[in-house]
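A.B. asks: I'd like to ask some things about the structure below.
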Amino acid sequence: LFCRFFLGQDPKEVPVMNAAANLILAHPPVWDEKGGSIDHYYWYYATYALCQMGGHYWTEWSKKLTDAVVKTQRQTPDCAKGSWDPVGAWGEDGGRVYSTAILALTLEAYYRYTRLVR
């Protein structure tokens with residue numbers, strides 16, 4: 001979905017974009033280590049895609065993203081404070097630096113790119 005925006009496609013003209021946005025919205029960010037729902041890479045691109053969609057897609061996703069990510073940021077008084085634990089599909093491979101970098105970038109999605117389709 002995100003790539004379709006960069007290809008210049010508009011959800012008003014390409015119905016599959018709305019279907020893709022609905023599919024993404026049906027699988028929101030949930031921080032559940034035991035359930036295997038943590039996927040920083042998916043959250044990153046889904047966030048950019050739904051930010052581009054705007055409207056209810058963005059507001060619903062953004063709230064769920066905030067609930068999953070901001071609340072799980074480390075608050076301990078040690079060197080890990082402000083980071084995220086390296087868990088989930090890619091966190092274990094990338095480590096704490098990867099997890100923290102991609103989740104920080106994910107949270108600032110609406111600052112990094114302007115809307116491509118209005």
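The values are calculated or read from the model by the stated rules, or taken from the named source; none is laboratory data. Because the structure is a prediction, the values reported are computed rather than measured. A quick note on method: Cβ atoms are made from the backbone with ideal geometry, for glycine too, and the neighbour counts reach across all protein chains shown. Protein only, heavy atoms only, side chains kept; ligands, DNA and RNA dropped before computing areas. Shrake-Rupley method; radii C 1.70, N 1.55, O 1.52, S 1.80 Å.
A.B. asks: Please compute the length gained on full extension between ASP93 and ARG74, using 0.36 nm multiplied by the number of residues separating them and subtracting their Cα-Cα distance. Walk me through the numbers before you get to the answer.
C.D. replies: Working: separation 19, 0.36 × 19 = 6.84 nm, distance 1.89 nm.
Between ASP93 and ARG74, full extension yields 5.0 nm more.
A.B. asks: Within the accessible area of segment 14-88, what % is carbon and sulfur when the probe is 1.4 Å and the other protein chains stay in place? All intermediate terms of the calculation are to be shown ahead of the outcome.
C.D. replies: Working: 2300 of 3850 Å².
Roughly 60 percent of what the probe reaches on segment 14-88 is carbon or sulfur.
A.B. asks: In whole percent, what relative contact order does segment 1-112 give with Cα contacts below 8 Å and a gap of six or more residues? Don't skip to the answer; put the middle values down first.
C.D. replies: Details: 130 pairs, mean separation 29.1, N = 112.
Relative contact order of segment 1-112: 26 percent.
A.B. asks: State in Å² the accessible area per residue of the chain; use a 1.4 Å probe, count heavy atoms of protein chains only, and round to the nearest integer. Please list the in-between numbers first.
C.D. replies: Numbers: 6830 Å² over 118 residues.
Result: 58 Å² of accessible area for each residue.
A.B. asks: What number do you get for segment 1-112 when its Cα radius of gyration is normalised by 2.2 N^0.38 Å, N = residues?
C.D. replies: Details: Rg = 14.7 Å, N = 112, 2.2 N^0.38 = 13.2 Å.
The value comes to 1.11.
A.B. asks: Applying a 10 Å radius around every beta-carbon, put 13-20, 75-82 in order of their mean neighbour count, most first.
C.D. replies: Working: 13-20: 13.2, 75-82: 9.4.
Put in order of decreasing packing, that is 13-20, 75-82.
A.B. asks: Turning to a different aspect of this structure: Please turn the phi angles of segment 13-30 into ³J(HN,Hα) values with the Karplus equation 6.51 cos²θ - 1.76 cosθ + 1.60 (θ = phi - 60°), one per residue in order, whole Hz, x for glycine and proline.
C.D. replies: Per-residue couplings from phi come out as 10, 10, x, 4, 5, 5, 4, 5, 5, 5, 5, 4, 5, 6, 10, x, x, 9 Hz.
A.B. asks: Enter the per residue convex hull volume of segment 29-78, computed from alpha-carbon coordinates, in Å³ rounded to the nearest integer. Could you put the intermediate results ahead of the total?
C.D. replies: Values: hull volume 4.3 nm³, N = 50.
Given the Cα convex hull of segment 29-78, per-residue volume reads 85 Å³.
A.B. asks: So what is the calculated 222 nm ellipticity per residue for the chain, using -39500 (n - 2.57) for each DSSP H run with n of 4 or more, over all residues, to the nearest 500 deg cm²/dmol? Show your work: numbers first, answer last.
C.D. replies: Working: 6 runs with 69 residues, N = 118.
It comes out at -18000 deg cm²/dmol, rounded to the nearest 500.
A.B. asks: Taking 0.36 nm per residue of sequence separation and subtracting the Cα-Cα distance, how much length would be gained by fully extending the chain between LEU105 and VAL14, in nm to one decimal?
C.D. replies: Working: separation 91, 0.36 × 91 = 32.76 nm, distance 2.79 nm.
Net length gain for the segment: 30.0 nm.
A.B. asks: Could you please report the charge total around VAL16, scoring K, R as +1 and D, E as -1 over all other residues with beta-carbon less than 14 angstrom from its beta-carbon? Please list the in-between numbers first.
C.D. replies: Values: positive: ARG4, LYS12; negative: ASP10, GLU13.
My count for the surroundings of VAL16 gives 0.
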